[in-house]
Every structure is written in structure tokens, then in C-alpha cells.
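Visitor: Submitted below is the structure of interest, expressed as C-alpha cells.
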Amino acid sequence: MPDIPIITLDGPSGAGKGTVAARLAQHYGWHILDSGALYRLVGYAASQAGTDLADGEALVSVVSGMQVQFAPNQVTLNGEDVSLAIRTETAGNAASKVAAMPAVRAALLDWQRSYAKRPGLVADGRDMGTVVFPQARLKVFLTASADERALRRYKQLKEKGITARVATLAAEIRERDERDQNRAAAPLKPAEDALCIDSTSMSIDDVAHSIIRAAESCLS
Ligand code: DC
């Protein structure tokens with residue numbers, strides 16, 4: 001495998017990975033992989049097709065039928081703009097269920113690895129450093145307390161004019177963490193050599209700067 005520089009960014013939902021990944025990709029002029037979007041797409045496509053989210057074989061054929069295109073701020077699935085549809089809480093829950101199926105994870109492996117292209121890649125997900133890109137130059141595990149993540153999610157929803165209760169969001173976040181951390185297939189956990197950052201009381205800028213500083217020695 002050619003030695004393409006990769007920074008992996010793993011951690012629970014709401015820790016700020018997406019925003020930090022975009023900052024890093026922009027800073028280095030690298031490609032970006034939002035692996036959560038792939039799981040969301042599978043969850044969405046399977047729900048639309050009425051597929052049982054616990055039927056691994058059926059889910060693999062859903063994956064084979066997916067034609068996906070990523071453009072800045074837009075995702076299309078078989079020609080349909082699903083950018084908003086895959087961001088709902090329902091799609092997030094469906095994603096978390098299909099992500100627990102080893103057959104789905106295996107079916108997405110080569111697809112995810114195909115994003116590793118020059119000049120480099122920032123890969124955002126749950127198992128980027130542990131399973132998909134174990135050779136990455138720098139592995140980051142980004143966390144924040146569940147309450148802080150719920151608060152961030154609440155503010156995001158409020159900006160979009162969607163009302164929600166922080167306590168309900170926190171309960172949902174804890175439930176999803178539980179499922180992601182305790183599944184048998186590629187559970188959410190830091191790689192042994194990961195740099196762990198708790199972003200609870202840090203700004204996105206602070207997080208991005210500390211990663212860029214840590215990357216200096218790994219990328220040269
Ligand atoms: O990051 P996200 O919220 O878009 O991810 C949606 C779901 O997909 C989440 O519950 C965990 C799962 N996921 C995963 O299992 N492995 C990844 N590499 C990325 C996401």
C-alpha cells in the first residue's frame with residue numbers, strides 16, 4: 001500500500017469530529033472521509049427499502065445497490081439528494097444499528113480505504129485508527145462529556161429551527177454511545193497509540209491547533 005499521509009479522527013457522536021476534520025482537511029488541502037455518512041446512507045437506504053436492519057445478508061445487497069456521490073454540502077444516493085434525510089436522529093439510529101452488523105462493516109471496508117489518495121486523507125469515524133487505517137500517521141480520539149455533546153446538538157438543532165429537550169438528547173447520546181462501545185464488531189475505542197483529546201471545555205480552534213501541533217512530528 002503506498003504511504004499516503006492519513007490522520008484518523010475517532011470518537012463518539014457530538015465530540016466535534018466533523019468540524020475538526022473539515023478544518024484539518026482544509027489546512028492540509030487533503031481529502032476527507034466522513035465514514036459515519038456511509039453508515040447513515042446504508043441505514044437510510046435499508047429503511048427506505050423496508051429491509052430488516054438486523055439482516056446482515058440483506059444489508060450487504062443494499063450496500064451493493066448504492067450509487068453515492070459526495071459533493072461539497074451535498075450527498076446523493078442513486079440520484080436522490082439525501083443530504084438532510086441522512087442527518088436526522090432517525091437516520092442516526094438506523095446507522096448505529098446497521099453499523100453493529102459485521103457484514104456491513106466488511107462491505108464498507110474497501111470503499112472507505114479507497115479514499116486514501118494523495119496528497120493525504122483526514123478520516124472521521126469510530127474505527128478509522130483501529131480497523132480501517134491502522135497505518136495512519138496520526139490517530140486522534142476526540143471525546144466530550146455526554147452533557148456537553150447534548151448541549152452542542154441542542155444548539156445545532158435550535159439554529160435549524162428544530163425544538164428539542166437537552167435531557168432527551170443526552171439520553172439518546174448515552175444510548176448510542178452504549179451501543180457503539182459495546183458492539184462486538186469494531187467497538188468504539190481509542191487506538192492504543194491514539195492521542196486522546198477531551199474537547200468538553202475546548203473550542204474547535206483549540207482542538208484543531210493541538211492536532212496540527214501533534215501532527216508536525218508525524219508528517220515530516
Ligand atoms: O458519526 P455519525 O453520527 O454520522 O455516525 C453514525 C453512526 O454510524 C454511529 O452510530 C456510529 C456508526 N459509525 C461506525 O460504526 N463506524 C464509523 N466508522 C462511523 C460511524
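The values are calculated or read from the model by the stated rules, or taken from the named source; none is laboratory data. The structure presented is a predicted model; accordingly, all values stated were derived computationally and were not measured. Positions of Cβ are generated from backbone atoms using ideal geometry, with glycine treated the same way; all protein chains shown enter the neighbour counts.
Visitor: Can you go through Leu53, Leu151, Leu109, Leu38 and tell me which one is over 16 Å from the mean Cα position of the chain (by Cα) and in a helix (DSSP H, G or I)?
Guide: Leu151
Visitor: Name the residue that is surrounded by the fewest Cβ atoms within 10 Å (Cβ to Cβ), counting only residues in region 5-20 that are near the ligand (Cβ under 10 Å from one of its atoms) and assigned to a helix (DSSP H, G or I).
Guide: Across region 5-20, the extreme among qualifying residues is Gly18.
Visitor: Next question. Kindly indicate the residue of region 113-145 that is surrounded by fewer than 20 Cβ atoms within 10 Å (Cβ to Cβ) and either assigned to a helix (DSSP H, G or I) or aliphatic (A, V, I, L, M) (or both) and also modelled with the lowest pLDDT among those meeting that condition.
Guide: The residue in question is Val131.
Visitor: Can you work out which of the residues in region 204-220 that are surrounded by 15 or more Cβ atoms within 10 Å (Cβ to Cβ) and not small (Gly, Ala, Ser) is farthest from the ligand (Cβ to nearest atom)? Step through it out loud before you land on a result.
Guide: Going residue by residue through region 204-220, those that are surrounded by 15 or more Cβ atoms within 10 Å (Cβ to Cβ) are 207-208, 210-212, 214-215.
Pick out the ones that are also not small (Gly, Ala, Ser) and you get 207, 211-212.
Working: Val207: 16, Ile211: 18, Ile212: 22 Å.
Result: Ile212.
Visitor: Output the number of residues of region 190-203 satisfying the condition of being touching a helix residue (DSSP H, G or I) at 6+ places or on another chain (Cβ under 7 Å) and either within 16 Å of the ligand (Cβ to nearest atom) or closer than 13 Å to Ile7 by Cα (or both).
Guide: Residues in region 190-203 being touching a helix residue (DSSP H, G or I) at 6+ places or on another chain (Cβ under 7 Å) and either within 16 Å of the ligand (Cβ to nearest atom) or closer than 13 Å to Ile7 by Cα (or both): 4 in total.
Visitor: To continue, here is another question. Consider only pairs whose beta carbons are under 7 Å apart and that are at least six residues apart or on different chains; among these, list those whose first residue lies in region 74-102 and is closer than 27 Å to Ala170 by Cβ and more than 11 Å from the ligand (Cβ to nearest atom) and whose second residue is modelled with pLDDT under 95 and part of a strand (DSSP E or B).
Guide: Hits for this filter: Ser83/Gln74.
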